[in-house]
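The structure under discussion appears below in the form of structure tokens.
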Amino acid sequence: MPRHGVARVISKLGLGSRTQAGEWVRAGRVRVNGRVVRDAEHPVLQDRDRIDIDGVEPAAPARIALMLNKPRGLVTTTKDERGRATVYTCFAEAELPWLVPIGRLDKASEGLLLFTNDPMWAAGITDPDSGPPKTYHVQIDGLPAAGLLAELERGALVDGERLKVRSARALRSGEKHCWLAIVLEEGRNRHIRRLLEAFDVSVLRLVRVAIGPLPLGTLAKGQWRMLTAAEMQSLSVLR
């Protein structure tokens with residue numbers, strides 16, 4: 001049975017971030033089997049060792065999850081070393097527990113972004129083998145060349161990585177631009193943008209509109225809402 005650092009275990013229980021847990025440990029607020037530990041990497045067995053914080057053995061909080069309609073210009077991180085605005089500014093007026101984002105959207109991308117206090121559940125949602133597919137609406141600079149959509153599904157080698165999409169289809173076209181609907185099973189860093197760039201296609205807008213059966217719907221940009229128990233269950237079903 002593997003051992004993990006006590007700060008990591010506290011984080012995996014959904015009680016706080018790993019950074020917060022490390023601060024609690026260094027402050028002498030954490031005990032393992034009744035003994036104060038001050039090393040955040042102190043090895044523990046999650047299901048066997050008793051951990052308490054401030055003398056209280058905490059129970060893992062009930063799982064919650066919420067969806068945010070992420071605006072462009074925000075980075076998906078709790079703190080940014082470059083001082084850029086983060087997605088957490090959208091929760092500035094809310095009294096919420098500690099939450100982690102489920103996956104990421106890059107700074108220029110928009111749309112559906114999920115958060116939860118359950119990191120293990122989040123890992124299942126982002127797992128490329130068991131997690132739900134993600135659907136994006138992508139505006140490109142130009143009209144797609146014949147065969148582009150099939151090429152995206154076949155994929156291409158980009159920077160040493162094999163990138164492809166599960167499906168791609170045209171949504172609507174104007175005189176100069178076109179919107180595509182693209183479904184990904186595995187989202188790597190700037191996956192869609194890099195793949196389209198490999199075919200000399202530029203992205204004007206990229207909006208995630210669904211994760212598995214969960215649509216963004218009519219949620220306004222910058223707004224958020226809690227997921228229902230049924231919605232959370234729908235995301236847990238294997239593909």
Regarding region 43-50, can at least one residue be identified that is of a type in the set (Lys, Arg), farther than 24 Å from Ser236 by Cβ, assigned to a strand (DSSP E or B) and more than 21 Å from the chain's Cα centre (by Cα)? no
Given the criteria closer than 21 Å to Arg208 by Cα, touching a residue at least 12 places away in the same chain (Cβ under 8 Å) and of a type in the set (Gly, Ala, Ser), does Gly22 qualify? no
With the requirement that a residue be without any contact (Cβ under 8 Å) to a residue 40 or more places away in the chain and either surrounded by 14 or more Cβ atoms within 10 Å (Cβ to Cβ) or closer than 21 Å to Gly111 by Cβ (or both), what does region 127-142 give you? Asp127
Of the residues Ala108, Ala65, which is surrounded by fewer than 18 Cβ atoms within 10 Å (Cβ to Cβ) and either aliphatic (A, V, I, L, M) or in contact (Cβ under 8 Å) with a residue 24 or more places away in the chain (or both)? Ala108
Do any strands (runs of 3 or more DSSP E) entirely within region 166-212 hold 1 or more residues that are hydroxyl-bearing (Ser, Thr, Tyr), and if so, which? 167-173
Output the number of residues of region 213-237 satisfying the condition of being in a loop (DSSP other than H, G, I, E, B) and within 20 Å of Pro128 (Cα to Cα). 2
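Values quoted throughout were computed directly from the atomic coordinates according to the rules given, and no laboratory measurement underlies them. Bear in mind the structure is a predicted one, so any value in this text is a computation, not a measurement. All Cβ positions, glycine included, derive from the backbone under ideal geometry; neighbour counts span all protein chains shown.
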